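The values are calculated or read from the model by the stated rules, or taken from the named source; none is laboratory data. Note that the coordinates shown come from a computational prediction; the quantities given were computed from them, not determined experimentally. Quick reminder, even Gly has a Cβ in these numbers, built from the backbone with ideal geometry, and neighbours come from all protein chains shown.
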Amino acid sequence: MTYSVNEIFYTLQGEGRHTGRAAVFCRFAGCNFWSGLEKDRATADCSFCDTDFIGTDGTGGGKFKKPEDLAQTARKIWDDNTNGSDQPFIVCTGGEPLMQLGTPLIKAFQAAGFEVAVETNGSLPCPPELDWVCVSPKNLDKLVQVTGDELKLVYPQENIKPEDVSHLNFKNFYLQPLDEKDKDHTKEAVQYCLDHPKWRLSLQTHKILGIA
């Protein structure tokens, strides 16, 4: 298959369990919950998405015919920024990365030395070869990936409450305040975590710091 990648870049992970960790981010084009077009936002399964995942013309983006081509491109970005440091880490995100990310590409990333993480909406099953699974559910009826390393729930959501997913088999549970232009949800997320210590607070520290 041909892999359509919106952008590939080196940064710090801004959210969840790996906050602050250096990583190559590989953002795949396309999503099964929203077209990415504003005209479709109101009827989308995820109407509050804040990410541009349309097309392949972002930084480092493009179309890759072989898994190895994409893996080596990602590894070069890591090496160019770290002088070939150990502990290479790649975060596969989107859009919805599991529309394209399968076993051949995961193994190619791992052969290039990467620990491979995914950030998914949970509507598609995760290949078992992944090293880290972060599920951020947006539609409870379409949630099929109910195990993993990290469940990161944007809060509040109309259709999903923390108590709807707190019983699922994840090692870490995070609440992340919904990023709305006219309302700050941080205080209510903080209070929920205080009242329900199973949950930890996840902030979008990349936005706070002003980095990609």
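Within the stretch 190-203, residues that are over 14 Å from P177 (Cβ atoms) have Cβ atoms under 6 Å from residues that are of a type outside the set (K, R) in these pairs: K198/F173, counting only partners at least 6 apart in sequence or on another chain. When residues in the stretch 156-211 are screened for being aromatic (F, W, Y) and assigned to a helix (DSSP H, G or I), 1 of them pass.
Checked against the criterion of being modelled with pLDDT of 95 or more, of a type outside the set (D, E) and over 19 Å from the mean Cα position of the chain (by Cα), the stretch 14-23 has no qualifying residue. Pick from the stretch 65-111 the residues that are over 24 Å from G14 (Cβ atoms), charged (D, E, K, R) and part of a helix (DSSP H, G or I): which of them is nearest to the chain's Cα centre (by Cα)? Restricting to residues being over 24 Å from G14 (Cβ atoms), charged (D, E, K, R) and part of a helix (DSSP H, G or I), the top hit is K107.
So, in the stretch 127-143, of the ones that are over 20 Å from W78 (Cβ atoms) and surrounded by fewer than 20 Cβ atoms within 10 Å (Cβ to Cβ), which residue ends up farthest from the chain's Cα centre (by Cα)? Only one residue fits best here, namely D141. Check whether at least one residue in the stretch 147-155 is surrounded by 15 or more Cβ atoms within 10 Å (Cβ to Cβ), in a loop (DSSP other than H, G, I, E, B) and not acidic (D, E), and report yes or no. No, that holds for no residue.
Among the conditions (1) among the polar types (S, T, N, Q); (2) touching a Pro at 6+ places or on another chain (Cβ under 9 Å); (3) surrounded by 19 or more Cβ atoms within 10 Å (Cβ to Cβ), the only one that T82 does not satisfy is (3). Taken over the stretch 1-16, the residue count meeting the criterion of being surrounded by fewer than 17 Cβ atoms within 10 Å (Cβ to Cβ), over 18 Å from P88 (Cα atoms) and hydrophobic (A, V, I, L, M, F, W, C) is 1.
Scanning the stretch 1-54 for residues that are without any contact (Cβ under 8 Å) to a residue 60 or more places away in the chain and either touching a Pro at 6+ places or on another chain (Cβ under 8 Å) or part of a strand (DSSP E or B) (or both) gives a single hit, E7. Cβ separations smaller than 6 Å between residues 6+ apart or across chains give the following pairs from the stretch 114-133 residues that are closer than 13 Å to L151 by Cβ and touching a residue at least 60 places away in the same chain (Cβ under 8 Å) to residues that are in a strand (DSSP E or B) and of a type outside the set (K, R): W132/A117; W132/D149.
For (1) of a type in the set (D, E, K, R); (2) out of contact with any Lys or Arg (no Cβ under 8 Å at 6 or more places or on another chain), each residue gets a yes or a no:
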{"residue": "D52", "(1), (2)": "yes, yes"}
{"residue": "G58", "(1), (2)": "no, no"}
{"residue": "K63", "(1), (2)": "yes, yes"}
{"residue": "K66", "(1), (2)": "yes, yes"}
{"residue": "Q72", "(1), (2)": "no, yes"}
{"residue": "I77", "(1), (2)": "no, yes"}
{"residue": "N83", "(1), (2)": "no, yes"}
{"residue": "G95", "(1), (2)": "no, no"}
